[in-house]
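Read the figures in this text as sums done on the coordinates, not as results from a lab. Just so we're clear, the structure is a prediction, and the values are computed from it rather than from any experiment. Here the Cβ positions follow ideal geometry from the backbone for every residue, glycine too, while neighbour counts run over all protein chains shown.
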Amino acid sequence: MANGTIRILHFSDIHIGIENYGTLDPNTGVNSRVLDFLRRFDDVVNYALGNEVDAVIFSGDAFKNRDPNSTYRREFAKRIKRIANAGIPIVLLVGNHDLPNVHLRASSVEIFRTLDVPNVIVADMEKIHLLQTRHGPLQVAAVPYPIRSRLLVGDEYRGLPLEQVNRTIEELVMENIAEMASRLDPLLPAVLTGHFTVAGSKFGSERKITLGYDPTIMLSAVNDPAFDYVALGHIHKHQELNKGAHPPVVYAGSIERVDFGEEREQKGFVVADVWRGGSTYAFIPTAARIFKTVDLDLRSIEGNPLAFVDAEMSRFALEGAVVRVQVNAPPDLERSVVEREIRSLAKGAAHLSGITWDTNRNPRAWLVGDEHVAEMSPQDLLRRYLELKEEPPERISALIERAEVLITAENS
């Protein structure tokens with residue numbers, strides 16, 4: 001590592017407390033899926049301690065729920081303390097899942113500031129933090145998840161329409177980023193860390209667990225050359241948005257798979273070497289739990305269907321995986337026998353989430369007015385739904401516009 005270069009470990013979206021596809025572990029009293037997430041967290045900590053990392057940036061969402069139980073808080077704190085005890089400063093950015101359920105209550109990571117834990121910085125407001133690392137100072141401009149109660153505190157915001165409130169929040173976030181960029185010391189390396197959605201990013205399962213309005217920030221607001229690296233959280237899919245330009249705008253992604261929506265996503269964290277005026281980074285994969293979908297098409301087989309099931313199931317590496325089986329079969333197939341065989345063959349899996357059946361019944365051709373649903377675009381379907389809900393025309397237009405942005409980003 002060259003002189004003046006600071007090595008940063010950037011990770012995000014641990015979501016400790018997700019228990020889907022798990023069972024109670026008798027040795028620890030903790031759900032087996034929670035243990036998966038904790039093991040991946042251990043991977044992150046061990047890498048930081050063994051690879052000359054100078055600073056750690058956690059870009060938000062420590063827990064699944066905003067009020068995690070004491071066991072989950074303890075397990076999170078044990079791992080943060082290992083980093084801090086090694087003399088490595090760590091920034092804990094507050095994400096939407098870290099926010100309290102009630103206004104003015106403490107966030108789920110506030111305790112670190114209350115106890116004044118050395119080397120731990122809780123970033124719950126827009127602020128530039130100056131970290132003293134082993135290879136020199138590092139500026140970290142922090143932008144926690146944008147919420148109305150924190151950003152819109154003046155009387156002038158009372159009674160505004162929801163759409164205007166949302167746009168105002170987005171504008172304030174972008175103004176705050178620009179203001180912090182203008183105050184950075186141009187001689188020192190600088191990082192922006194934020195927990196929000198950047199326009200053009202591709203979603204993972206966080207779309208299903210994010211409730212309500214989700215602010216969208218323009219890429220042009222975060223790729224300011226005053227920053228040498230942009231460390232983002234909130235979106236579970238690892239990606240870089242600035243197309244190789246300076247600075248890299250990087251979602252580290254989540255460190256463990258949440259569900260089958262992330263079946264094909266590589267999970268991990270990012271290590272970045274940062275200096276004033278430049279940076280490089282590498283994605284470090286973690287050994288996340290494998291999710292596997294097995295498709296069995298029994299419609300045109302000849303002979304014993306169980307032999308076909310045996311042969312097909314043997315093609316998949318199911319040992320230790322979370323598995324779901326989707327069966328396409330004729331209506332007269334003896335379902336119970338096939339299901340029993342599938343469960344027997346999936347005994348090595350960590351969890352069999354279910355067996356779903358499609359017996360080739362023709363779906364109804366639903367009509368909306370004089371149009372078939374299957375022939376309508378997502379935008380048309382959304383428009384019809386909003387019209388049935390009697391939403392105001394201006395709100396319908398605004399929502400359609402936002403939907404088109406998301407659909408374009410998803411398909412790009």
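List the trypsin sites (Lys or Arg not before Pro) in the range 213-310 that DSSP assigns to loop (not H, G, I, E or B) and whose Cβ has at most 10 other Cβ atoms within 10 Å. Which are they?
Numbers: sites: 237, 243, 257, 264, 267, 276, 289, 292, 299; in loops: 237, 243, 257, 264, 267, 276, 289, 299.
Sites meeting the loop and neighbour criteria: 243, 264.
Could you pull out every residue, at least 5 positions away or on a different chain, whose amide H is within less than 5 Å of the one on residue 122? Hs are placed 1.01 Å off N in the peptide plane, and Pro or chain starts have none.
92
Assuming 0.36 nm per residue, please report the length gained on full extension of the stretch residue 388 to residue 306 beyond their Cα-Cα distance. Don't jump to the answer; show the numbers that get you there.
Numbers: separation 82, 0.36 × 82 = 29.52 nm, distance 4.83 nm.
Between residue 388 and residue 306, full extension yields 24.7 nm more.
If the reach is capped at under 24 angstrom between alpha carbons, list the lysines near residue 292, excluding any in the same chain fewer than eight residues apart.
Within the straight-line limit of under 24 Å, residue 292 reaches these lysines: 64, 202, 208, 237, 267, 347.
If the elastic network links every pair of Cα atoms under 10 Å, which of 126, 52, 401 fluctuates the most in the Gaussian network model of the chain?
401
For the range 291-358, what is the Kirkwood estimate of the hydrodynamic radius, computed as the reciprocal of the mean inverse distance between distinct Cα atoms, to one decimal in Å?
Numbers: mean 1/r = 0.0834 Å⁻¹.
Radius from the Kirkwood sum: 12.0 Å.
Apply the Karplus curve 6.51 cos²θ - 1.76 cosθ + 1.60, θ = phi - 60°, to the phi angles in the range 330-338 and return the couplings in whole Hz, x for Gly and Pro.
x, x, 8, 5, 6, 4, 4, 5, 5
Could you grab the relative contact order for the range 6-285? Cα pairs under 8 Å, six or more apart, rounded to a whole percent.
Numbers: 614 pairs, mean separation 55.5, N = 280.
Rounded, it is 20 percent for the range 6-285.
Please determine, in degrees from 0 to 90 and to the nearest 10, the orientation of helix 393-411 with respect to the longest principal axis defined by the Cα atoms of the chain, where the helix direction is its Cα long axis.
In the chain, helix 393-411 runs at an angle near 80 degrees to the longest axis.
Given points 7 Å out from each Cα along the Cα-Cβ axis, report the residue 134 to residue 397 separation in nanometres with one decimal.
Between residue 134 and residue 397, the simple spin-label model gives 5.9 nm.
Please work out, to two decimal places, the log10 of the ratio I(q)/I(0) at q = 0.07, 0.10, 0.14 Å⁻¹ from a Debye calculation in which every Cα of the chain carries one identical scatterer.
Evaluating at q = 0.07, 0.10, 0.14 Å⁻¹ gives log10 I(q)/I(0) of -0.41, -0.79, -1.26.
Can you say what percent of the DSSP beta bridges in the range 6-285, counting only those with both residues inside, are antiparallel? Round to 5. Each step should come with its number before you reach the end.
Details: 23 of 50 bridges.
So the antiparallel bridges in the range 6-285 amount to around 45 percent.
Nothing charged except the Cβ atoms of Lys and Arg (+1) and of Asp and Glu (-1): what's the magnitude of the dipole of the chain about its Cα centre? Round to the nearest 20 debye. Provide the component values of the computation, followed by the final result.
Values: 46 positive and 57 negative charges, 256 e Å.
Its charge dipole is roughly 1240 debye.
Once you've got the GNM for the chain with C-alpha springs shorter than 10 Å, pick whichever of 53, 338, 250 has the biggest mean-square fluctuation.
Of 53, 338, 250, the Gaussian network model singles out 338 as fluctuating most.
Calculate, for residue 67 and residue 263, the FRET efficiency according to 1/(1 + (r/R0)^6) with r their C-beta to C-beta distance and R0 30 Å; round to the nearest 0.05.
On the way: r = 30 Å, r/R0 = 0.99.
The pair residue 67/residue 263 has a calculated efficiency of 0.50.
Could you work out which residue, out of 358, 61, 224, moves most in a Gaussian network model of the chain, that is, has the largest mean-square fluctuation with Cα springs under 10 Å?
Fluctuation is largest for 358.
By how many nm would the segment from residue 42 to residue 86 lengthen if fully extended, with 0.36 nm per residue of separation less the alpha-carbon distance?
Details: separation 44, 0.36 × 44 = 15.84 nm, distance 1.45 nm.
Gain on extension, residue 42 to residue 86, equals 14.4 nm.
Obtain the nm distance between the two label points defined at residue 379 and residue 23 by a simple spin-label model: each point lies 7 Å from its Cα along the Cα-to-C-beta direction.
About 4.9 nm separates the two model spin labels.
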